Every structure is written in structure tokens, then in C-alpha cells.
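The values are calculated or read from the model by the stated rules, or taken from the named source; none is laboratory data. Just so you know, these numbers come straight off a predicted model, no measurement behind them. Note: ideal-geometry Cβ built from the backbone for every residue, glycine included; neighbour counts use all protein chains shown. What goes into the accessible areas is simple: the full protein's heavy atoms, side chains included, and nothing from ligands, DNA or RNA. Shrake-Rupley method; radii C 1.70, N 1.55, O 1.52, S 1.80 Å.
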Amino acid sequence: MNFSTAKNEIIRLLSRVDVSELPKLIKWMRNSEELDDCFVDNEKVLLQSIAEDLRTCLPLDAMLPSESLAIGKAQLNPESTVHVDAFLYDEETIDSLCEEGKMSRDYCLQCGSHRTAPLGFISHSFSALELRFLFQHILPDLTGRVLVDVGSRLGAVLYGGHLYSSAAQLVGVEISAEFIQLQKMVVEKYGFTDRIQVTHADICTQASLLQNADVVVMNNVFEYFLESKDQIRAWHCISQNVRKKGALLVTVPSVQEAIAALPGNNGMIDIHEWLEEVPLNYDVYLGKDTDPDSFKQIHLYRVL
Ligand SMILES: C[S@@+](CC[C@H](N)C(=O)[O-])C[C@H]1O[C@@H](n2cnc3c(N)ncnc32)[C@H](O)[C@@H]1O
């Protein structure tokens with residue numbers, strides 16, 4: 001049933017409700033979490049099951065000992081910031097871990113006192129809700145299209161793309177061999193081999209893949225994981241090879257922000273002759289844990 005038919009059905013139903021009961025019913029529709037059950041779909045359950053499998057293979061912060069550069073960079077953040085992977089840990093899982101004392105949402109401002117403040121979380125993956133927003137509300141129909149996830153890490157974008165889109169091919173390129181092993185395990189176990197491929201490589205060696213992609217996803221790929229000079233090299237490679245006219249580029253943060261943050265950047269990439277930004281509607285409700293601020297980090301561009 002589409003939106004306008006559903007709306008008419010609801011109006012018809014409401015017109016039959018006892019007038020004295022109507023305010024109670026409308027209040028319930030506005031505020032009740034019971035309606036959130038409508039947002040539980042098979043895809044969400046599968047993503048939760050994948051996250052559960054991956055959690056058993058990784059430490060709580062989902063960082064590998066080999067990621068010394070990223071760990072070092074994260075330590076430069078204020079002590080009130082911790083790594084919590086949003087794909088592995090949704091709000092409910094974080095709540096249960098907090099109850100078990102294994103995780104905390106707050107840090108102590110003064111040891112031994114009850115003065116606490118909320119911790120900031122850094123995630124290196126999209127959450128299941130962000131994946132749904134990406135594939136159902138940002139991207140067009142991907143039938144017959146090739147999507148490349150640059151830095152595929154746990155594979156969240158690839159699994160989300162398999163479950164929520166009809167993309168012909170979903171290709172993950174990841175520089176860490178250990179994460180490639182984890183992605184391969186999930187792809188085999190969940191029967192995703194028909195449309196997902198994963199490649200262990202530096203994206204800078206994958207020029208023809210980038211040239212042929214219809215959609216390229218870049219979620220905070222380089223900032224934490226590469227030295228400054230390698231970040232500059234990688235952005236050059238992206239801007240030289242993601243050139244197929246009309247191809248879509250999804251980034252977090254915006255391309256402008258990512259490039260401006262590069263050291264010694266003095267207009268090395270002319271964004272205006274390369275891309276046009278596509279305005280997005282971030283006002284989408286996907287259940288009680290919807291966080292419009294996290295959606296607003298996501299930007300979409302069309303290659304000119
Ligand atoms: C923030 S994670 C992105 C996760 C995933 N795309 C998502 O949205 O859920 C960035 C990943 O990019 C990888 N990476 C960094 N530089 C890379 C490069 N030059 N080539 C391939 N992967 C790279 C890192 O190892 C890290 O796992």
C-alpha cells in the first residue's frame with residue numbers, strides 16, 4: 001500500500017472512532033513505541049544477526065591491534081571520546097552492555113563523585129539505520145548498477161546494499177587483510193556471494209574499478225587510517241578516477257570538509273568542476289532510534 005492509500009485508510013478509520021476517544025488515539029499514535037514494531041523488517045533482523053556474529057570476533061572497541069595509527073589518532077581526541085562501532089552496537093545493545101557494566105555512556109568528571117557527562121562515540125561503520133536511510137531514502141533504484149565501498153571494514157555497506165537494494169554488484173575494497181577475512185566469512189555464511197565481492201587492496205591500485213562504478217561510498221575512509229601524505233594521494237586518486245558522468249558519490253563528512261582538513265591543501269582538487277551536491281531530505285523517521293544529526297553527516301554528489 002502506498003502513502004496516499006494508507007493516509008486515506010487512516011482518515012477513514014479515524015472518522016469511525018468515537019469522538020471522545022479520538023484525542024487518546026491520536027496521542028497514542030504520536031507517542032507510542034508500540035508502532036515501532038512496524039519498523040522491524042527481515043533485513044533489520046539479518047543485519048542484527050550479522051552484527052552479533054562479528055561482535056564475537058572483535059574486541060569491544062572493534063579496533064585491531066594492527067591499527068596502531070588509527071588507535072593513536074583516536075587517543076588525540078578528548079578522553080571523553082570512545083570507539084563504539086554503530087553497526088555492531090545499536091542503542092539497545094549499548095543499553096544492555098551498560099546494565100551489565102561492560103560499557104558506559106558517561107564518564108566521571110571528578111573521580112569518586114556522581115558528576116558525570118555523556119561520552120562522545122566515534123564509529124567506524126554506518127549503523128543499520130544509516131544503511132537503511134542510505135539505500136531506501138538517498139540512493140535511486142540501483143538495478144544493474146555497480147556500487148564500490150571504499151574502505152569496507154566490517155562490510156556493513158555491502159550487507160546493507162545486498163538487503164536493501166537491487167545493485168548488480170557490491171564491491172568492497174579494504175586495506176586491512178583481517179577485515180577482509182571477516183567480510184568473507186559473513187558473505188559466505190549469509191549467502192551474499194551472488195552480488196558481493198571483497199578485495200584486499202589499497203584503493204589507489206583500483207583505478208578501473210573506480211572508473212566503472214555507478215556509486216562510490218566513502219564513509220570517513222582516510223582521516224583516521226592514513227598518514228597525511230597518503231590521504232592526499234588517496235584523494236587525488238579518487239578525484240582522478242571517479243569521473244563517470246552521472247555517477248554518484250556518497251561521503252561522510254562532506255567532500256569540502258574532508259579536503260579542507262588535508263594538510264597543505266591549497267585548492268589541489270577543484271570540486272566545482274568535478275561534482276555537484278544533491279540536496280537531501282534528512283527529515284525521515286525510521287523508528288525511535290532515528291537520529292537526524294547522524295543522517296546529516298551523509299552527503300551525496302553527482303559527477304559532472
Ligand atoms: C571508517 S571505515 C569505513 C567503514 C565502512 N565503509 C562503513 O561505512 O561502514 C574506513 C576503512 O577504510 C580503510 N581504508 C583506509 N584507507 C584505505 C585505502 N587507501 N584503501 C582501502 N581501504 C582503506 C580502513 O582500514 C577502514 O577499515
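Residue by residue through region 152-178, note down the ones that are within 11 Å of the ligand (Cβ to nearest atom) and touching a His at 6+ places or on another chain (Cβ under 9 Å).
Arg153, Leu154, Val173, Glu174, Ile175, Ser176, Ala177
Going through region 54-67 one residue at a time, which ones are open to solvent by 40 Å² or more (accessible area, probe 1.4 Å) and within 16 Å of the ligand (Cβ to nearest atom)? Step through it out loud before you land on a result.
In the first step, residues of region 54-67 are kept if they are open to solvent by 40 Å² or more (accessible area, probe 1.4 Å); the result is 55-57, 59-61, 65-66.
Hits for region 54-67 are Arg55, Cys57, Pro59, Asp61, Pro65, Ser66.
Going by the structure shown, is Asp289 more than 15 Å from the ligand (Cβ to nearest atom) and in contact (Cβ under 8 Å) with a residue 40 or more places away in the chain? Step through it out loud before you land on a result.
On the way: more than 15 Å from the ligand (Cβ to nearest atom): yes; in contact (Cβ under 8 Å) with a residue 40 or more places away in the chain: yes.
Considered against the rule, which asks whether it is more than 15 Å from the ligand (Cβ to nearest atom) and in contact (Cβ under 8 Å) with a residue 40 or more places away in the chain, Asp289 comes out as yes.
Within the group Gln183, Gln211, which residue is assigned to a helix (DSSP H, G or I) and within 13 Å of the ligand (Cβ to nearest atom)?
Gln183
For region 191-200, state whether one or more residues are hydroxyl-bearing (Ser, Thr, Tyr), over 15 Å from the mean Cα position of the chain (by Cα), surrounded by 14 or more Cβ atoms within 10 Å (Cβ to Cβ) and within 21 Å of Arg55 (Cβ to Cβ). Even if it seems obvious, please write down each step before you answer.
Taking region 191-200 and keeping what is hydroxyl-bearing (Ser, Thr, Tyr), we get 193, 199.
With over 15 Å from the mean Cα position of the chain (by Cα) added as a condition, the list becomes 193, 199.
Add one more test, that the residue is surrounded by 14 or more Cβ atoms within 10 Å (Cβ to Cβ), and what stays is 199.
So of that shortlist, the ones also within 21 Å of Arg55 (Cβ to Cβ) come out as none.
No, region 191-200 contains no residue that is hydroxyl-bearing (Ser, Thr, Tyr), over 15 Å from the mean Cα position of the chain (by Cα), surrounded by 14 or more Cβ atoms within 10 Å (Cβ to Cβ) and within 21 Å of Arg55 (Cβ to Cβ).
Quick check on this structure: which one of Glu43, Glu21, Glu9 is of a type outside the set (A, V, I, L, M, F, W, C) and in contact (Cβ under 8 Å) with a residue 60 or more places away in the chain?
On the way: Glu21 fails: in contact (Cβ under 8 Å) with a residue 60 or more places away in the chain; Glu9 fails: in contact (Cβ under 8 Å) with a residue 60 or more places away in the chain.
So the residue among Glu43, Glu21, Glu9 that is of a type outside the set (A, V, I, L, M, F, W, C) and in contact (Cβ under 8 Å) with a residue 60 or more places away in the chain is Glu43.
Scan region 68-92 for residues that are touching a residue at least 40 places away in the same chain (Cβ under 8 Å) and open to solvent by less than 60 Å² (accessible area, probe 1.4 Å) and report the count.
Total satisfying the criteria: 14.
Of the conditions (1) touching a Phe, Trp or Tyr at 6+ places or on another chain (Cβ under 9 Å); (2) exposed (fewer than 12 other Cβ atoms within 10 Å of the Cβ); (3) not in a helix (DSSP H, G or I), Glu34 satisfies every one except a single condition; which number is it?
So Glu34 meets the others, but not (3).
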